[in-house]
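The values are calculated or read from the model by the stated rules, or taken from the named source; none is laboratory data. Note that the structure is predicted; figures quoted are calculated from it, not measured. Neighbour counts are summed over all protein chains in view; Cβ atoms, including those assigned to glycine, are modelled from backbone coordinates with ideal geometry. Only protein heavy atoms, including side chains, enter the accessible area calculation; ligands, DNA and RNA are left aside. Shrake-Rupley method; radii C 1.70, N 1.55, O 1.52, S 1.80 Å.
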Amino acid sequence: MNTPDSRQLDAVKIITLPRIHDPRGNLTFVESGAQIPFSLNRAYWIYDVPAGEERGGHSHHEMSQLLIAVGGSFNVNVCDGENWRTFTLNRPYEGLFIPPGIWRTLDNFSSGGVCLSLVSTPYEESDYIRDFEEFKKTCRKTIQ
Ligand code: T46
């Protein structure tokens with residue numbers, strides 16, 4: 001059940017991206033700062049995920065991101081330190097926006113599932129919180 005503090009999870013949302021329909025095949029695009037509420041700094045993608053494997057399992061201090069299932073499907077489980085929500089991504093024209101301060105895990109990858117991640121910051125290990133107990137402590141500090 002969600003508590004009043006789950007409003008932080010409300011910032012995690014699906015963004016529907018432009019779709020250019022074409023008999024030759026459809027096209028979707030993203031422009032930095034336009035369709036997404038951050039400046040684009042980096043992209044990476046996750047693919048060939050074996051059945052049953054999980055990615056993620058951390059939060060970020062500063063990084064915002066948009067996750068897109070450019071192929072297949074997968075689930076994104078997000079947590080604000082107390083409440084969890086699960087989003088299934090399976091449309092190449094939809095992205096899941098995740099602001100900083102949210103724990104995320106990715107699982108249930110389909111065969112051919114590809115996760116494109118567009119992010120606001122360069123790769124910096126010090127931006128990660130990889131311990132869930134430590135993450136929960138930072139959430140409590142934010143709430144107080
Ligand atoms: C996230 C989820 C969805 C780099 O060298 N550069 C990069 O830009 C990235 C993203 C990773 N790496 C290196 C760091 C590790 O040695 O690649 C290795 C695997 O990274 P990690 O264990 O963080 O991968 P995931 O799938 O757990 O998490 C990644 C992102 O790191 C993370 O920001 O939100 O995908």
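Assorted remarks:
- Whole-number Å³ per residue for the convex hull built on Cα positions in region 15-96: 125
- Each Cα pair of the chain feeds into the Kirkwood radius, which the Stokes-Einstein equation turns, at 25 °C and 0.890 mPa s, into a diffusion coefficient of 155 µm²/s.
- For the chain, the relative contact order comes to 32 percent (Cα pairs under 8 Å, sequence separation of at least 6).
- For region 66-74, 3J(HN,Hα) computed residue by residue from phi via the Karplus equation (6.51, -1.76, 1.60; θ = phi - 60°) reads 10, 9, 10, 7, 6, x, x, 8, 6 Hz, glycine and proline entered as x.
- Across region 41-46, coupling constants 3J(HN,Hα) worked out from phi with the 6.51/-1.76/1.60 Karplus curve, θ = phi - 60°, read 10, 7, 9, 9, 9, 10 Hz, and Gly and Pro carry x.
- Report summary: the helix-based calculation at 222 nm, which adds -39500 (n - 2.57) for every DSSP H run with n ≥ 4 and divides by the residues of the chain, gives -2500 deg cm²/dmol.
- Amide H contacts under 5 Å for G57, placed H, 5+ residues apart: R104, T105, L106
- Straight-line cross-link partners of K137 among the aspartates and glutamates, defined as a Cα under 17 Å from its Cα and at least 8 positions apart when in the same chain: D5, E62, D80, E82, D127.
- Per residue, the solvent-accessible area of the chain (1.4 Å probe, heavy atoms of protein chains only, all protein chains present) comes to 57 Å².
- Model label points for R19 and S110, set 7 angstrom from Cα along the Cα-to-Cβ axis, are 1.4 nm apart.
- Rounded Å value of the spacing that divides the Cα centres of region 24-39 and region 63-99: 16
- Under 14 Å, Cβ to Cβ, from N108 - net charge with Lys/Arg +1 and Asp/Glu -1: -1
- Taking the protein heavy atoms of region 53-124 in the context of the full set of protein chains, the accessible area attributed to carbon and sulfur is 44 percent at 1.4 Å.
- Under the Karplus curve 6.51 cos²θ - 1.76 cosθ + 1.60, θ = phi - 60°, whole-Hz ³J(HN,Hα) for region 96-112, x wherever Gly or Pro sits: 9, 7, 10, x, x, x, 10, 6, 9, 10, 10, 8, 6, 5, 6, 4, x
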